[in-house]
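Below is one structure, written out as structure tokens; comments come after it.
The values are calculated or read from the model by the stated rules, or taken from the named source; none is laboratory data. Keep in mind that what you see is a predicted model, and the values were worked out from it rather than measured. All Cβ positions, even for glycine, are placed from backbone atoms using ideal geometry, and neighbour counts span all protein chains on display. In case anyone asks, the SASA skips ligands and DNA or RNA and just uses the protein heavy atoms, side chains included. Shrake-Rupley method; radii C 1.70, N 1.55, O 1.52, S 1.80 Å.
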Amino acid sequence: MGTRDDAVILRAIAVLLCAAWILAAGPPTASALWLSLPPSVTKCVSEEIHAGVVALADYAVVHDEDRQSMPTISAKVTAPNGDTLHHKENVTIGQFAFTTNEPGTYLACFWLDGANKGIGASVSINWKIGIAAKDWESIAKKEKIEGLELELRKLEEAVEVIHENLLYLRSREAGMRDVSERTNGRVALFSIMSLSLCIVASVLQLRHLKGYFHKKKLI
């Protein structure tokens, strides 16, 4: 038993060294939002997510004026390539969950249904991503861990998420650098071509003027 406790303590020391940096970096794993929906207006929220990440969200209509006539909304979630991941109409509460297949911006849009003319409402959204979307209670029961071990497991997951985010950002930075270098090369080529064209046009113009002056016996 003592050996297991020592192992847990060693893991705690190793992981907690990264904890302060993790808290400072704070990758967006969960967000609670509140959207105000005027009539005939669509409002959207977006999340930048890389591939292979689990996303889970709950949303609900909040309307304090008259609870007997709760307005209904429509919700639509789209992937970066335009595919629809979730679409519901005439609802007051809902939930969507998906695992991302590609990196990019995932968009969730909400609007009031047409039957709610002149009625405004608000929507409460609780969007969880990555480790925040995991069912830690089930994981703890399945792996028979609790207390400090469970917290260490969460911190280890957070370290992995930070590492994956850094790799994703590095790949994006490399891609943007390649695009920038290609753009700079094209701009340089265009500048050389423009300068060459100006030189050729100037030479031709000088030859034309020289021939004209000779013809008129001005020189």
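Among the residues in the stretch 142-157, are any out of contact with any helix residue (DSSP H, G or I) (no Cβ under 8 Å at 6 or more places or on another chain) and touching a residue at least 12 places away in the same chain (Cβ under 8 Å)? The answer is no, given that none of the residues of the stretch 142-157 is out of contact with any helix residue (DSSP H, G or I) (no Cβ under 8 Å at 6 or more places or on another chain) and touching a residue at least 12 places away in the same chain (Cβ under 8 Å).
Under the condition of being touching a Pro at 6+ places or on another chain (Cβ under 9 Å) and exposed (fewer than 13 other Cβ atoms within 10 Å of the Cβ), the residues counted in the stretch 90-113 number 1. Is there any pair linking a residue in the stretch 201-219 that is at pLDDT 80 or above to one that is surrounded by 10 or more Cβ atoms within 10 Å (Cβ to Cβ), with Cβ under 8 Å and at least six apart or on different chains, and which? No pair meets every condition. For the stretch 44-89, a residue qualifies if it is in contact with a Ser or Thr (Cβ under 8 Å, 6 or more places away or on another chain), modelled with pLDDT of 90 or more and of a type in the set (Gly, Ala, Ser), and the qualifying residues are Ala60, Ala79.
Among the residues of the stretch 207-219, those that are assigned to a helix (DSSP H, G or I) and either surrounded by 10 or more Cβ atoms within 10 Å (Cβ to Cβ) or touching a helix residue (DSSP H, G or I) at 6+ places or on another chain (Cβ under 8 Å) (or both) comprise Arg207, His208, Leu209, Lys210, Gly211, Tyr212, Phe213, His214.
Open to solvent by 30 Å² or more (accessible area, probe 1.4 Å), at pLDDT below 75 and either out of contact with any Lys or Arg (no Cβ under 6 Å at 6 or more places or on another chain) or over 30 Å from Glu173 (Cα atoms) (or both), is that true of Glu143? Here the answer is yes, as Glu143 does meet what is asked.
If you check Leu189, Leu150 for being out of contact with any Leu (no Cβ under 7 Å at 6 or more places or on another chain) and open to solvent by 60 Å² or more (accessible area, probe 1.4 Å), only one passes: Leu189. Against the test of being out of contact with any Leu (no Cβ under 6 Å at 6 or more places or on another chain) and surrounded by 11 or more Cβ atoms within 10 Å (Cβ to Cβ), the options Leu166, Leu204 yield a single qualifying residue, Leu166.
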